[in-house]
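Novice: Quick one: this structure, given as structure tokens, is what I'll be asking you about.
The values are calculated or read from the model by the stated rules, or taken from the named source; none is laboratory data. No experiment lies behind these values; they were computed from the predicted model shown. Reconstructed Cβ throughout: ideal geometry from the backbone, glycine too, with neighbour counts over all protein chains shown. Note: accessible area is taken over every heavy atom of the protein model, side chains too, but ligands, DNA and RNA are not part of it. Shrake-Rupley method; radii C 1.70, N 1.55, O 1.52, S 1.80 Å.
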Amino acid sequence: MAVILITGANRGIGFAMARQAAARGDEVIATARDPESANALRALAQETGRITLRALDVTNEDSIAALAEATKEDVDLLVLNAGVLNSYGGVDDEAHDAGAWRDVLMTNVAGPFLVTRALLSHVERGQGRRIAIVSSVMGSNERASGNAYPYRASKAAAVNVARNLAVELKPRGIAVGAYHPGWVRTDMGGGGADISAEDSAGGLLARFDALSMTTTGVFEDYKGAEIPF
Ligand SMILES: NC(=O)c1ccc[n+]([C@@H]2O[C@H](COP(=O)([O-])OP(=O)(O)OC[C@H]3O[C@@H](n4cnc5c(N)ncnc54)[C@H](OP(=O)(O)O)[C@@H]3O)[C@@H](O)[C@H]2O)c1
């Protein structure tokens, strides 16, 4: 049995990962910005008896500190899944304004960094000693396609954060990876996406299990294919 903490677990891929981790017997700490309104996650917690809900806004340092304080468990696997995509438009897209840049970069880049920093001692005390940052192939510089600027930049930076953490935390025995979950049918991915959240979550959990000190720094998809960066 492992203790897995998943951010943004009230819907989408995070919710599917929480469900599958609990089903295989892990203890899941599932975070949501507003646990009170996270009805599906609350029902899942009741049904499985293996999920603890905690509040977390990854852009708010007080919220992050409160999560670290409330988490008495050692954490085997920290999954930094929470993310936002503001718009798919190009350079003239008015949605790419300063507020959107702040929101997307804070959530997708600073969020994983700040949550990692706050929970590092929990991960260090755990047996698993793994950190997974959910990035995207859209962050790959080699796959640049001239749109979704804040999101693409944020996901590139998320890989950069993962790679730097992998180097810094190697002497402390903590492995860090960055992952592309596939194009997934969620609120973010849309109904026309390639795969279900369940298929993505199953693949991701298997890749997180395979993360080790020899593969630390990896950037790969939910099937284990390396993403050119
Ligand atoms: N879907 C895809 O095709 C796809 C492809 C590549 C990468 N990804 C990445 O996979 C991850 C999950 O995506 P998804 O498709 O499951 O998205 P989703 O259905 O839109 O869910 C996003 C989750 O992130 C949470 N979140 C957003 N901002 C947050 C904040 N400031 N603090 C805490 N939680 C926050 C949301 O909480 P609320 O309910 O409170 O908003 C929600 O739980 C993201 O990092 C995304 O970029 C997705």
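Novice: In the stretch 191-211, how many residues are more than 8 Å from the ligand (Cβ to nearest atom), open to solvent by less than 40 Å² (accessible area, probe 1.4 Å) and assigned to a loop (DSSP other than H, G, I, E, B)?
Specialist: Here the count works out to 2.
Novice: Within the stretch 96-133, can you find the residues that are part of a loop (DSSP other than H, G, I, E, B) and either within 17 Å of Tyr179 (Cβ to Cβ) or open to solvent by 10 Å² or more (accessible area, probe 1.4 Å) (or both)? If you could, list the steps in order and put the result at the bottom.
Specialist: Filtering the stretch 96-133 for residues part of a loop (DSSP other than H, G, I, E, B) gives 96-97, 126-129.
Scanning the stretch 96-133 gives His96, Asp97, Gln127, Gly128, Arg129.
Novice: Okay, moving on. Of all residues in the stretch 134-178, how many are open to solvent by less than 70 Å² (accessible area, probe 1.4 Å), in contact with a Phe, Trp or Tyr (Cβ under 7 Å, 6 or more places away or on another chain) and of a type outside the set (Gly, Ala, Ser)?
Specialist: 6
Novice: A further question follows. Only residues that are within 15 Å of the ligand (Cβ to nearest atom) and more than 12 Å from the chain's Cα centre (by Cα): list them for the stretch 111-141, please. It would help to see each step written out before you state the result.
Specialist: Narrowing the stretch 111-141 to residues within 15 Å of the ligand (Cβ to nearest atom): 111-116, 118-119, 131-140.
Within the stretch 111-141, Leu114, Ala118, Leu119, Val137, Met138, Gly139, Ser140 qualify.
Novice: Looking at Ser200, is it within 15 Å of the chain's Cα centre (by Cα) and closer than 16 Å to Val84 by Cα? Spell out how you get there, then give the answer.
Specialist: Details: within 15 Å of the chain's Cα centre (by Cα): yes; closer than 16 Å to Val84 by Cα: no.
Taking the combined requirement at face value, the residue does not satisfy it.
Novice: How about the stretch 170-190: which of its residues are in contact (Cβ under 8 Å) with a residue 40 or more places away in the chain and in a helix (DSSP H, G or I)?
Specialist: Lys170, Arg172
Novice: Sticking with this structure for a sec: Tally up the residues in the stretch 57-95 that are part of a helix (DSSP H, G or I) and either open to solvent by less than 50 Å² (accessible area, probe 1.4 Å) or within 15 Å of the ligand (Cβ to nearest atom) (or both), please.
Specialist: Restricting attention to the stretch 57-95, the residues satisfying the condition of being part of a helix (DSSP H, G or I) are 61-70.
If we keep only those that are either open to solvent by less than 50 Å² (accessible area, probe 1.4 Å) or within 15 Å of the ligand (Cβ to nearest atom) (or both) as well, we get 61-68, 70.
Of the residues in the stretch 57-95, 9 are part of a helix (DSSP H, G or I) and either open to solvent by less than 50 Å² (accessible area, probe 1.4 Å) or within 15 Å of the ligand (Cβ to nearest atom) (or both).
Novice: Report, ordered by the first and then the second residue, all pairs with beta carbons closer than 8 Å, sequence separation of six or more or different chains, a first member in the stretch 29-44 that is at positive phi, and a second member that is surrounded by fewer than 17 Cβ atoms within 10 Å (Cβ to Cβ) and among the hydroxyl-bearing types (Ser, Thr, Tyr).
Specialist: Partner pairs satisfying both residue conditions: none exist.
Novice: Among the numbered criteria (1) assigned to a helix (DSSP H, G or I); (2) in contact with a strand residue (DSSP E or B) (Cβ under 9 Å, 6 or more places away or on another chain); (3) more than 11 Å from the ligand (Cβ to nearest atom), which single criterion is violated by Ala158?
Specialist: Going through (1) assigned to a helix (DSSP H, G or I); (2) in contact with a strand residue (DSSP E or B) (Cβ under 9 Å, 6 or more places away or on another chain); (3) more than 11 Å from the ligand (Cβ to nearest atom) one by one, Ala158 breaks only (3).
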